[in-house]
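Colleague: The structure is given below, and queries will be raised subsequently.
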Amino acid sequence: MQAVILAAGQGTRIRPLSETTPKPMLPVADRPIVAHVADTAVEAGADELVFVVGYLGERVREYFGEEYRGVSVNYVEQDEQVGTADAVNEAREYLDGDFAVMNGDNIFDAESVSELFDAAPSVAAYTVEDPSSYGVLSTDDGGSVVTDIVEKPDDPPTTMANAGAYVFPAEAREYLEVPASERGEHEITDVLERVIDEFTVTPVEVERWLDVGRPWELLEANEILLSDLERDVRGDVAEGADLRGDVVVEEGATVEPGVVVKGPALIREGAKVGPNAYIRGATLVGKDARVGHSVEIKNSVLMEDAHVSHLSYVGDSVLGPHVNFGAGTNVANLRHDDEDVHLMVKGEYTSTGRRKFGVVAGPRAKTAINTSLNPGTKLSLDATTKPGESVMKDR
Ligand code: TTP
């Protein structure tokens, strides 16, 4: 089966992290989000991957090349991101049988994707407590056939949210040109509606699903995937370092004396930790990143070449590539009123749903010495702070 993977979006809600990296290429554990998606497709038996790329698409092309895990790879360009149906329609020239469509920014478990492929035509469903903000599937009485899909219903027919992965019959190739929806996008769910009308579509409940749209969802995706780690220490670890639990230190990484790491944690190749650093929670120390003397990192993501070199605390935060935190930079990750931490997302003050959340530092942001960062603060691409500054608002 061919799998079309949608990776053209601009990732506006996850800015500034998407300023230099397309959202599907942001790291979750040891590889980009979209590589996890491709892996599940390959493991489910896909014999060709077709990536729809657009925004910073060359990054996706560079990563996957012409063949990935023995499966041939093709690319189509979507110049304007006018909707998911339009994205799949760009891939039409490659489609010659049943085909899967998967969002390139969602995390799925491999077993469920295999079930999805086996049950074709099918749609992935994820059970949520409150489905009113999702596309929700209606099913027949036995729950074995999808009868409809309704967007953000006031009165949801089931608790099954559309989880952004589908297998369509070959005929659906001819259904891809759908009119724009109310929000002005050509939506894949309108294609699904027609497939539901004309075929028997099976809902396949997925065990694990996370749609990575906003910065804290990237943190959550890392928490989930890092919790799958099994201890594997290959890098250069000093005798006086204490690695507890499921800690992975990749070949080419260095851990110096006096370091304590409580797993799950992943320290990637080229990274350097210590001396005397403390890492806890689910933490990713990306390629060539640096965690220096007397630095504590808790439950955070440090992307490639992010440096927190001395006397700093970073909690529940996401640091983009090439960020540099000066000595004495401290992140607050808890509000005194105990309210959930909020973040500005496209101009809207939005709850992260988390009591503890720190900051989001965009690519190449730099803090000067003794900078304090308030919970929920975002630093934009190349932002800087002044020595001793308390940053209370995004910049
Ligand atoms: P979204 O998450 O809805 O869009 P986005 O990735 O651009 O992010 P944002 O809303 O924050 O700007 O898209 C879902 C998936 O579909 C995602 O993998 C990107 C992909 N997509 C395309 O490939 N082309 C498109 O035209 C659209 C709208 C999305």
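Just so you know, all these numbers are worked out from the coordinates, no wet-lab data involved. Just so it is clear, the structure is predicted and the values come from calculations on it, not from any experiment. A quick note on method: Cβ atoms are made from the backbone with ideal geometry, for glycine too, and the neighbour counts reach across all protein chains shown.
Colleague: For the stretch 218-233, how many residues are in a loop (DSSP other than H, G, I, E, B) and either exposed (fewer than 13 other Cβ atoms within 10 Å of the Cβ) or of a type in the set (Val, Ile, Thr) (or both)?
Modeller: 3
Colleague: In the stretch 343-374, how many are in contact (Cβ under 8 Å) with a residue 40 or more places away in the chain and either assigned to a loop (DSSP other than H, G, I, E, B) or within 16 Å of the ligand (Cβ to nearest atom) (or both)?
Modeller: Final tally of qualifying residues: 19.
Colleague: Shifting gears a bit: If you go through the stretch 131-138 one residue at a time, do you hit one that is within 16 Å of the ligand (Cβ to nearest atom) and hydroxyl-bearing (Ser, Thr, Tyr)?
Modeller: For the stretch 131-138, residues within 16 Å of the ligand (Cβ to nearest atom) and hydroxyl-bearing (Ser, Thr, Tyr): present.
Colleague: Determine the pairs where a residue that is without any contact (Cβ under 8 Å) to a residue 24 or more places away in the chain, located within the stretch 46-67, has a partner that is among the aromatic types (Phe, Trp, Tyr) with Cβ atoms under 8 Å apart, the partner being 6 or more residues away or on another chain.
Modeller: Filtered contacts from the stretch 46-67: Arg61/Phe51; Arg61/Tyr75.
Colleague: Additional query: Considering only the stretch 59-125, give the strands (runs of 3 or more DSSP E) lying wholly within it that have at least 1 residues that are over 25 Å from Asp148 (Cβ atoms).
Modeller: Here the list reads 71-77, 106-108.
Colleague: Determine whether Ala110 is within 15 Å of the ligand (Cβ to nearest atom) and either buried (at least 23 other Cβ atoms within 10 Å of the Cβ) or among the hydrophobic types (A, V, I, L, M, F, W, C) (or both).
Modeller: Spelling it out, it is not the case that Ala110 is within 15 Å of the ligand (Cβ to nearest atom) and either buried (at least 23 other Cβ atoms within 10 Å of the Cβ) or among the hydrophobic types (A, V, I, L, M, F, W, C) (or both).
Colleague: From Pro24, Pro16, grab the single residue that is surrounded by 18 or more Cβ atoms within 10 Å (Cβ to Cβ), within 12 Å of the chain's Cα centre (by Cα), within 16 Å of the ligand (Cβ to nearest atom) and not hydrophobic (A, V, I, L, M, F, W, C).
Modeller: Of Pro24, Pro16, the one residue that is surrounded by 18 or more Cβ atoms within 10 Å (Cβ to Cβ), within 12 Å of the chain's Cα centre (by Cα), within 16 Å of the ligand (Cβ to nearest atom) and not hydrophobic (A, V, I, L, M, F, W, C) is Pro24.
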